[in-house]
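Here is the structure we will look at.
The values are calculated or read from the model by the stated rules, or taken from the named source; none is laboratory data. Every value quoted in this text rests on a predicted model; they were computed, and no experiment measured them. Every residue, glycine among them, receives a Cβ derived from its backbone with ideal geometry; neighbour counts consider all protein chains shown. When the accessible area is computed, the model is the full protein with side chains, heavy atoms only, and any ligands, DNA or RNA have been set aside. Shrake-Rupley method; radii C 1.70, N 1.55, O 1.52, S 1.80 Å.
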Amino acid sequence: MKKIENVILSRKGTAILIISAVLTAVICLIMNLFLIPAIESAADGLRIFDMSFLYSSDSARSFLQALSAEGKNLYLYRQLPLDFFYPVCYGCFFIFAFVKLQKKLNAFALLPTALAVFDYAENTSIELMLRSSGFSSVLAVFGSAFTSVKTVLMYGAFVFLIVFAVKSVLRKKKNKSNSAVNV
């Protein structure tokens, strides 16, 4: 555990943090500016599963029925492959940022890990719904639950990131004023 902490706190860890932050931002922009609007347009303006906090079995069925063949291909072969890579990027970003801001590896690293697990569960359920020849209301209910948990965990990760950043700034200010007094 200490070895992992040392890697994260090293220069190599800083490079991984920066790379994961850039990849997270780029993927987020591609999905939100291009892919998601195109898929929603191909579904008569209905929201994609990933962007709906809670969706019912009926709304999932309506989305799937409204989605054109082109929209389905875009979802399956552009959006989802990118969305399967996305949790690795933001997971690394959050874990490395949490450790760097707190100067230690602790249980908070489990939050981004759980977030990624629920995102993968969401993506898998979406892919199964898109590939299925029939409609499964059970799959839609589970997919909606995975999306809801993922969303809550994502907000939680951002809240902790802000809290840790503020604490880090305050700690640096305190250390700076202590060292000025000691001079």
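Note the angle between two axes, namely the Cα long axis of helix 80-102 and the longest principal axis of the Cα atoms of the chain, as a number of degrees from 0 to 90, rounded to the nearest 10.
20 degrees
Picking from Phe93, Leu74, Asn175, whose Cα lies most toward the positive end of the charge dipole for the stretch 53-183 (charges on Cβ: Lys, Arg +1; Asp, Glu -1)?
Asn175
Could you check the spin-label model distance between Leu110 and Ser168? Points 7 Å from the Cα along Cα→Cβ, value in nm.
2.3 nm
Can you tell me the relative contact order of the chain? Whole percent, Cα pairs under 8 Å, sequence separation 6 or more.
Reported relative contact order: 26 percent.
Give the lysines reachable from Lys72 as a straight Cα distance under 27 Å; neighbours fewer than 8 places away on the same chain don't count.
Lys150
For the stretch 83-161, what is one quarter of the convex hull surface built on the Cα atoms, given in nm²?
Taking a quarter of the hull surface, the average projection is 5.0 nm².
With a 1.4 Å probe and every protein chain left in place, work out the accessible area per residue of the stretch 1-141 in Å², rounded to a whole number.
53 Å²
Can you report the principal axis dimensions of the stretch 4-120 using only the alpha carbons, biggest first, rounded to whole angstrom?
Per principal axis, max minus min of the Cα coordinates gives 51, 25, 17 Å.
Show me, for the stretch 68-74, the HN-Hα J-couplings you get by feeding each phi into the Karplus relation (A = 6.51, B = -1.76, C = 1.60, θ = phi - 60°), rounded to Hz, glycine and proline as x.
After applying 6.51 cos²θ - 1.76 cosθ + 1.60, I find 6, 4, 5, x, 5, 5, 4 Hz.
Calculate what fraction, in whole %, of the accessible area of the chain sits on carbon and sulfur atoms when a 1.4 Å probe is rolled over the protein chains.
Accessible surface attributable to carbon and sulfur in the chain totals 69 percent.
Which residue, Met51, Ala38, Ile19, has the largest displacement toward the positive end of the dipole of the stretch 1-74 when charges sit on each Cβ (Lys, Arg +1; Asp, Glu -1)?
So the residue we want is Ile19.
Might you report the magnitude of the Cβ-based charge dipole of the stretch 1-138 about its Cα centre, with Lys and Arg at +1 and Asp and Glu at -1, to the nearest 20 debye?
The calculation lands at about 880 debye.
Hey, rough spin-label estimate for Lys12 and Cys28, points 7 angstrom out along Cα→Cβ, what's it come to in nanometres?
Distance between label points: 2.7 nm.
Against the longest principal axis of the chain, how steep is helix 57-66, in degrees 0 to 90 to the nearest 10, with axes from Cα atoms?
70 degrees
What shape does the stretch 47-183 take by its C-alpha gyration tensor, where a ≥ b ≥ c are the square roots of the eigenvalues and a/c under 1.5 counts as rounded, a/b above b/c as prolate, and the rest as oblate?
prolate
So how many Å³ per residue does the convex hull of the Cα atoms of the stretch 123-169 work out to?
So the per-residue Cα hull volume is 51 Å³.
Quick one: accessible surface of Val26, probe radius 1.4 Å, all protein chains present, in square angstrom to the nearest 10.
70 Å²
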